[in-house]
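Reading through the structure tokens given below for one structure.
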Amino acid sequence: MKNSLKNIGLAALLLSAFLTLSWISAREKNKIKHLIQPAGWPAPVYDVEKNPITEEGFTLGRMLFYDPLLSADSTISCASCHLQQTNFTHVDHALSHGIDGKKGTRNSSVLVNLAWSKSFMWDGGINHIEVQPLAPIENPVEMNSRLSIVVAKLNASDRYRQKFRKAFGKKNTITGQQVLKALSAYLLSLQSFNAKYDRVMRSEPGYHFTPAEARGMDVFLKHCNACHTAPLFTNQGFENNGLAPDPYLNDGGRIKVTHQPSDSLLFKVPTLRNIEVSYPYMHDGRYKNLQMVLFHYSSNISNTLHLSPALQPAPDLTEGNKNDLLAFLKTLTDTSFLNQKEFGYPFEDFQ
Amino acid sequence: MAQNRIRKILKHVRNVYFLVGICLGLVVFATTSGKKQNLHVFIQPTFGKQALTLETQAYRSTQGDTVFIDVFRFYISNLQILYRDGKTFSIPNSYYLIDASDTASCHLQLSSLPLGAIAGLSFHIGVDSAKSVSGAHAGDLDLSKGMYWSWNSGYINAKLEGRSPSCLSHKQQFEFHVGGYAHPNNSLRKAIVMLPVNTSAEATSRTLQLQADVSVWFAKRSLREQAGIMIPGKAAMALADEYKHMFRLQNDLYEK
């Protein structure tokens, strides 16, 4: 009797061990991609422990990012307005055009180091990266589709069904959740931390600031770092940086989300990483180049209500300061990121 | 010497096996042997006491407006069973999207509830803030269900759309999308539906038929004055305060 009980106990233990092992191996099947937290950076906002990024999810997300299937008439993909070589923004377009050439009211955002973002969009209206892709997919002047329509289109594709099974296990149908998780796996992987600035800071051999760049960094720390705080080059806050309101666009920014009068004309502080290539500048793309941006901050600030305290008084920049600052800002260009093949158009997926 | 030691260790290991086995057995026993009851909650969309017919049927609101209802959907969450003895049982991870155009969505099948005389139901209308700020979810919370704002994150807790000759809007349409999870505009509301006090029957299987009465949405508002709410704010808060009273018990059917 005692023996048989023992055997039952043993069998139960073996069974539970087997179940645990098979659960672990099922989890291990998809290779986990890790976010890199460079030395000196804060912890990312996105919790990869809870939401692991898999290699399969990333590959699938990249395919979706480059696929115009996401738009109502299959003409616009995410990449249409977010080009890798220009820090994933729409180069040379103050305001991007979506479906049927329709124009939006804001300059397309850069997509970089998003795992550190607390909110998304110029007005911070989006609270989590996984729900971010819903905005361009459903905006009538962007992709003008519906997530449910995208899901139906994907379910009609054998190739996609196979890819989703690989990424999310054997499920019969693709869901909206899976589409959003895959897209965010790709977006979260877009990390830039190998600019000359980073290499100098890490004291990598052969990397030194020129005298102009070094002077530029001093000017930057004095006048810009309060909002564009290193190493992310944004404090994630919302500020009124003294742009005269555009009466045609009539865009109140943050107030649209919070309905707080004190948020009128406040916009998200963007990162300055790869700023050299992500022109034009500001939430409405009004400045074509960095010289114009520096002119704005030194000489063109509109003293509207709730102007950022950091700009009162406006920074006193000499022409020499500006040239040095430009030299420093260009050290934030990370060519390895802008040309990284892993992030580019996946030719193999669309053959 | 070393062999003895190994034998001793093995004996301990065997004892551990034995104990773990017993524990597993107890867990299995506890979860399968106790008697349970099944509860079927049917939430029937109505206008007044009439079953709601979408699109084609004209209804008259207490404010005198003639209305056609095209879309009526809302979330029920955090469902709790209230017992006569004061105990409660929370249905884990309960988020249900009730859609008047999808009869299946109006039936909630809750199995294996603890035995005991049921006194009522408590639930939230809408989706809590924790789910609203934590990314993309599955099932009824999937963003492809069309109950999420794309430009300002957050679930739409309840949605009512239709037409009325009283509306001054485009195509005489009205659209009420009530949402908002953050203070001071958190439009999540709690509703409690109680069974009559004299019902004390214990049952193994029970059907509670609830009415979700759309006419309550119009009881205090004239469509000529307001044909839409599309953002979190004061107007959405006021409407949520009104429609939280739309549920009432119509029928309680049970088998002992």
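The values are calculated or read from the model by the stated rules, or taken from the named source; none is laboratory data. For clarity, every value in this text was computed on a predicted model and none was experimentally measured. Here the Cβ positions follow ideal geometry from the backbone for every residue, glycine too, while neighbour counts run over all protein chains shown. Calculation scope for accessible area: heavy atoms of the full protein, side chains included, ligands and nucleic acids excluded. Shrake-Rupley method; radii C 1.70, N 1.55, O 1.52, S 1.80 Å.
A Cβ distance below 8 Å, combined with a sequence gap of six or more or placement on separate chains, defines the contacts here; from segment B:135-156, residues that are more than 7 Å from every other protein chain (Cβ to nearest Cβ) reach residues that are open to solvent by 20 Å² or more (accessible area, probe 1.4 Å) and charged (D, E, K, R) in the pairs B:LEU141/B:LYS131; B:MET147/B:ARG73; B:MET147/B:LYS159; B:TYR155/B:LYS131. Within segment A:296-351, if we keep just the residues that are assigned to a helix (DSSP H, G or I) and of a type in the set (A, V, I, L, M), the residue that is nearest to A:PHE220 (Cα to Cα) turns out to be A:LEU325.
Among the residues of segment B:241-248, is any in a strand (DSSP E or B) and assigned by TED's automatic domain parsing to the domain that holds B:LEU82? Yes. The residue that is farthest from B:PHE42 (Cα to Cα), among those in segment B:104-134 that are polar (S, T, N, Q) and more than 8 Å from chain A (Cβ to nearest Cβ), is B:SER129. Can we say B:ASP99 is acidic (Asp, Glu), under 21 Å from B:PHE247 (Cβ atoms) and away from every other protein chain (no Cβ under 12 Å)? Taking the combined requirement at face value, the residue satisfies it. Contact map, segment B:211-240: first residue under 22 Å from A:VAL257 (Cα atoms) and in the same structural domain as B:CYS106 (by TED's automatic domain parsing), second residue open to solvent by 20 Å² or more (accessible area, probe 1.4 Å) and in a loop (DSSP other than H, G, I, E, B), Cβ cut-off under 7 Å, separation 6 or more or different chains; pairs are B:ALA227/B:LEU168; B:ALA227/B:SER169; B:GLY228/B:SER169; B:PRO232/B:ASN185; B:GLY233/A:HIS259; B:GLY233/B:ASN185; B:ALA236/B:ASN185; B:MET237/B:ASN185. For segment A:189-199, taking the residues that are of a type outside the set (Gly, Ala, Ser), touching a helix residue (DSSP H, G or I) at 6+ places or on another chain (Cβ under 7 Å) and surrounded by fewer than 24 Cβ atoms within 10 Å (Cβ to Cβ), the one that is farthest from the other protein chains (Cβ to nearest Cβ) is identified as A:LYS196. If the condition is being buried (at least 18 other Cβ atoms within 10 Å of the Cβ) and not in a helix (DSSP H, G or I), then segment A:201-219 contributes no residue at all. Taken over segment A:254-279, residues that are more than 24 Å from the chain's Cα centre (by Cα) and either outside any loop (DSSP other than H, G, I, E, B) or touching a residue at least 60 places away in the same chain (Cβ under 8 Å) (or both) amount to 2. Would you point out which residue out of A:MET282, A:MET292 is surrounded by fewer than 20 Cβ atoms within 10 Å (Cβ to Cβ) and either touching a Lys or Arg at 6+ places or on another chain (Cβ under 7 Å) or free of Cβ contacts under 8 Å to residues at least 12 places away in the same chain (or both)? The match here is A:MET292. Among the numbered conditions (1) of a type in the set (A, V, I, L, M, F, W, C); (2) away from every other protein chain (no Cβ under 14 Å); (3) open to solvent by 20 Å² or more (accessible area, probe 1.4 Å); (4) not in a strand (DSSP E or B), the only one that B:ILE192 does not meet is (4).
Out of A:ASP100, A:ASP92, one residue alone is at pLDDT below 95, open to solvent by 60 Å² or more (accessible area, probe 1.4 Å) and outside any loop (DSSP other than H, G, I, E, B). It is A:ASP100. Evaluation of B:SER94 against the conditions (1) at pLDDT 95 or above; (2) within 13 Å of chain A (Cβ to nearest Cβ) shows that the sole unmet condition is (2).
Run B:PHE72 past the list (1) open to solvent by 10 Å² or more (accessible area, probe 1.4 Å); (2) at negative phi and report the number of the one that doesn't hold. The single condition B:PHE72 does not satisfy is (1). Residues in segment A:240-253 that are in contact with a strand residue (DSSP E or B) (Cβ under 8 Å, 6 or more places away or on another chain) and assigned to a loop (DSSP other than H, G, I, E, B) were compared, and the one that is nearest to the other protein chains (Cβ to nearest Cβ) is A:ASN240.
Residues in segment A:71-109 that are closer than 28 Å to A:LYS330 by Cα, among the acidic types (Asp, Glu) and in contact with a helix residue (DSSP H, G or I) (Cβ under 8 Å, 6 or more places away or on another chain): there are none.
In this structure, B:LEU249 does not satisfy being modelled with pLDDT of 95 or more, surrounded by 14 or more Cβ atoms within 10 Å (Cβ to Cβ) and farther than 27 Å from B:THR88 by Cβ.
Using the structure shown, decide if A:ASP198 is acidic (Asp, Glu), over 27 Å from the mean Cα position of the chain (by Cα) and outside any loop (DSSP other than H, G, I, E, B). No, not satisfied. Meeting the requirement of 1 or more residues that are surrounded by fewer than 17 Cβ atoms within 10 Å (Cβ to Cβ) and more than 7 Å from chain B (Cβ to nearest Cβ), the helices (runs of 4 or more DSSP H) wholly within segment A:126-180 are A:147-155, A:158-168.
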